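Heads up: the structure comes next, in structure tokens.
Read the figures in this text as sums done on the coordinates, not as results from a lab. Nothing here was measured: the structure is a model prediction, and the numbers come from that model. Neighbour counts run over all protein chains shown; Cβ positions are idealised from the backbone, glycine included.
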Amino acid sequence: MFIAYSLAGDGSNPERRSLEEPDLEDGEMLLETLMTEVCGTDVHLQSGAMGGVPYPVIPGHFVVGKVARMAGPRADIDGRPVQVGEILAFLDVHGTCGYCWYCTSGLTSNRCQHRRVYGVSHSISEGPLGGWSQKVLIKADVHCALLPESLPPERYIAGGCALPTAIHALERASVQLHDLVLVQGAGPVGLNIAFLARACGAKEVIILDHSSERLNTAEQLGFRQRVCTREGLEAAETLAGAMSDGRGVDVVFEATGSPQAIPEGLSLVRDGGRYIVVGQYADRGEVMVSPHRHINKKHVTIHGVWGIELRHFRRMIQILSQPTPTLDPAIWDALATKQYPLHEVGKALDDVRRGIVTKAILRVRASS
């Protein structure tokens, strides 16, 4: 028997569950969970704001674990054999079919109708398929990666789901050297976008948030231009204008999850600029946007970002383990300071909802 925590999608607190170890089918593995995270997706899962979720679910879609049992041989994404006792991470997205239009001609397997996600689209009746659990079942089709010695589990989870999402966002934005970049939201996704935009050669990154605590974290991470939006956007408009000879921001990233951020962000991006919507993972209502004033007259390009794919997962591990002249992986260590034991997952979830913690890490077992 082992312990897991589930959400019912009705706003209630996580429920403690006792589960039996699953039988393994060919190619499957069972991990002892070392670390996982609590993120904004989990807040949406708790409230029931995400559609199509087969409640109750075991959340936690980014996990580091130690291989406890295997049913047959497995290799990681680089072809290295996986052995019992080794530490690995895995891509939370699996089950894409590989033959539908989206997987082949559309090259957008993140829209495959067969796509499944650990911690989100699996009911607890299917087994321990989420990280808020002492053990996690790894299906035969899941992409796994043995963690390099240069990548501590704490750093990997500090990057968590936010880093590959940010990698996808930067890919969609095509940030150019000396671009002026603005990020709406100083949570994990927003900060990861800011890290990567700075490394890509942005001349400056402006960060907006309504939380002074999160803006203080951004300052400690080296971001000089920060605006608290609690009182309005006038300061952001003034700052962006002063830094761009009045044109506005080249690239704006929305990483708030608030629908109201959309017209505000479109008002800040320059004519001919790019607006990247990253944070709208749950339907939280509608806002008024002027197709003429916000989009067409400004000749603005808008991209959505939905989930991640294997290339983003692979790139995440490279970034977190291999220093470059423009990006030191140790910067993510600064986000790994707030850790909770598994039995305090309810407190971690509440802290994330209230915005008083930048990154909530669940330490399930010691790695030794």
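Across every direction, the projection of the convex hull enclosing the Cα atoms of the stretch 151-192 has a mean area of 3.6 nm².
What would the Debye equation give as log₁₀ I(q)/I(0) for the stretch 163-304 at q = 0.09, 0.12, 0.17, 0.18 Å⁻¹, counting only Cα atoms as equal point scatterers? The Debye formula, applied to the Cα set alone, gives -0.22, -0.40, -0.86, -0.98.
Relative contact order of the chain, taken over Cα pairs closer than 8 Å and 6 or more residues apart, is 19 percent.
Estimated at 0.36 nm per residue, the fully extended path between Glu286 and Gln83 surpasses their Cα-Cα distance by 68.2 nm. Taking 0.36 nm per residue of sequence separation and removing the Cα-Cα distance, the Ala71/Trp101 pair yields an extension gain of 7.5 nm. Each of Leu266, Leu163, Gln176 was placed along the dipole of the stretch 163-304 (beta-carbon charges, centred on the mean Cα), and the one lying farthest toward the positive end is Gln176.
When Rg and the Kirkwood radius Rh are both evaluated on Cα atoms of the stretch 231-368, their ratio Rg/Rh stands at 1.04. The relative contact order of the stretch 256-305, computed from alpha carbon pairs under 8 Å that lie at least 6 residues apart in sequence, is 49 percent. Taking the Cβ of Cys144 as the centre, find all other residues whose Cβ is under 13 Å away and add up their charges (Lys, Arg: +1; Asp, Glu: -1). Neighbour charge sum, excluding Cys144 itself: -1. Ranking Ala197, Val289, Gln220 by how far each Cα lies toward the positive end of the dipole of the stretch 163-304 (charges on Cβ) leaves Ala197 at the top. Pairs exceeding 18 Å between alpha-carbon atoms, taken from Lys66/Lys139; Lys338/Lys359; Lys66/Lys338: Lys66/Lys338.
Calculated mean residue ellipticity, 222 nm, the chain: -7000 deg cm²/dmol, from DSSP H runs (n ≥ 4) at -39500 (n - 2.57) each, averaged per residue and rounded to 500. Put simply, when 331-343, 31-43 are sorted by average Cβ atoms within 10 angstrom per residue, most first, you get 31-43, 331-343. Using the Cα centre as the reference, give the magnitude of the dipole from point charges on the C-beta atoms of the stretch 163-304 (Lys, Arg: +1; Asp, Glu: -1; all else neutral), rounded to the nearest 20 debye. Around 240 debye, computed over the stretch 163-304. For the chain, which DSSP H helices look membrane-span-like by this rule: Cα extent along the axis of 30 Å or more and mean Kyte-Doolittle of at least -1.0? Answer set is empty.
A simple count of charges around Asp209, restricted to other residues whose Cβ falls under 13 Å of its Cβ and scoring Lys, Arg +1 and Asp, Glu -1, yields -2. In a reduced charge model with +1 at each Lys and Arg Cβ and -1 at each Asp and Glu Cβ, the stretch 240-352 shows a dipole moment near 400 debye about its Cα centre.
Rounded to the nearest 20 debye, the dipole size of the stretch 60-205 about its Cα centre is 260 debye, using +1 on the Cβ of Lys and Arg and -1 on the Cβ of Asp and Glu. If R0 equals 35 Å, the separation of the Cβ atoms of His343 and Gln260 corresponds to a calculated FRET efficiency of about 0.45.
If you bin all the Cα-Cα distances of the chain at 20 Å, starting from zero, the percentages per bin are 30, 58, 12, 0.
Measure out, as a whole number of angstrom, how far apart the alpha-carbon centroids of the stretch 129-168 and the stretch 304-341 sit. About 10 Å separates the Cα centre of the stretch 129-168 from the one of the stretch 304-341. Which of rounded, prolate, oblate describes the stretch 320-368, given a ≥ b ≥ c as roots of the alpha-carbon gyration tensor eigenvalues and a/c under 1.5 marking rounded, otherwise prolate only if a/b is larger than b/c? Judged from the Cα gyration tensor, the stretch 320-368 comes out oblate (a/c at least 1.5, b/c at or above a/b).
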